[in-house]
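Peer 1: Structure below; questions to follow.
The values are calculated or read from the model by the stated rules, or taken from the named source; none is laboratory data. No experiment lies behind these values; they were computed from the predicted model shown. Every residue, glycine among them, receives a Cβ derived from its backbone with ideal geometry; neighbour counts consider all protein chains shown. The accessibility values were calculated without ligands, DNA or RNA, using every heavy atom of the protein model including side chains. Shrake-Rupley method; radii C 1.70, N 1.55, O 1.52, S 1.80 Å.
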Amino acid sequence: MANPKARYSFIHSGEAAQFLYEMGASSFTGPINPGCEEDISLLELVGKIEKQTSNKAIITNIITKENASRYSLPGSWSINTNKGKQLGFIFSSLDSVLGELIE
């Protein structure tokens, strides 16, 4: 992992689709971000996967262009969902979304 402490935002695909549908039907214009309530680092994500699967991850520091993860960015990639919340959208908690996906 290039930067295991970098933080990332995620969203469940169904919630993203619903958000886009509702935004398309609204009169809102301008930039807006949907996403789960929290963000997470890659180290925290690996820890959640380890805990839920009862398996220890094997992490190597050998990163090449061919095997680099798309999430191996040089810095954090978190988004601000305040505009969506101000419009009345309620976003899922990251724990519930990740728990379901890991399972």
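Peer 1: Calculate the spin-label point distance for I59 paired with E103, positioning each point 7 Å from the Cα along the beta-carbon direction, and give it in nanometres.
Peer 2: For the pair E103/I59, the computed spacing is 2.6 nm.
Peer 1: Taking H as built 1.01 Å from N, whose amide H comes closer than 5 Å to the amide H of W77, not counting residues under 5 places away?
Peer 2: Those lying under 5 Å, H to H, from W77 are R7, Y8, S9.
Peer 1: Rounded to whole Å and ordered largest first, report the semi-axes of the equivalent ellipsoid of the chain derived from its Cα gyration tensor (root of 5λ).
Peer 2: Working: eigenvalues 175, 54, 25 Å².
Equivalent ellipsoid semi-axes, largest first: 30, 16, 11 Å.
Peer 1: Taking all protein chains in place and a 1.4 Å probe, what share, in percent, of the accessible surface of the chain do carbon and sulfur account for? Don't jump to the answer; show the numbers that get you there.
Peer 2: Numbers: 4050 of 7300 Å².
Percent of accessible area from carbon and sulfur atoms in the chain: 55.
Peer 1: Among all lysine pairs in the chain that are eight or more places apart or on different chains, how many have alpha carbons less than 25 angstrom apart?
Peer 2: Details: K5/K48; K5/K51; K5/K56; K5/K65; K48/K56.
Value for the chain: 5.
Peer 1: Among S41, S27, S76, which one moves the most in a GNM of the chain with springs linking Cα atoms closer than 10 Å?
Peer 2: S27
Peer 1: Tell me, what is the percent relative contact order of the chain, built from C-alpha pairs under 8 Å that lie six or more residues apart?
Peer 2: Working: 108 pairs, mean separation 49.0, N = 103.
Relative CO of the chain lands at 48 percent.
Peer 1: Let me ask something else. Between E37 and residues 5 or more places away or on another chain, which pairs have amide H atoms under 5 Å apart, with H built 1.01 Å from N, and which residues are they?
Peer 2: S92, S93, L94
Peer 1: OK, next. Hey, what number do you get for the chain at 222 nm if only DSSP H runs of n ≥ 4 count, each worth -39500 (n - 2.57), divided across all residues, to the nearest 500? Please report the intermediate quantities before stating the final value.
Peer 2: Details: 4 runs with 39 residues, N = 103.
Value at 222 nm, helices only, nearest 500: -11000 deg cm²/dmol.
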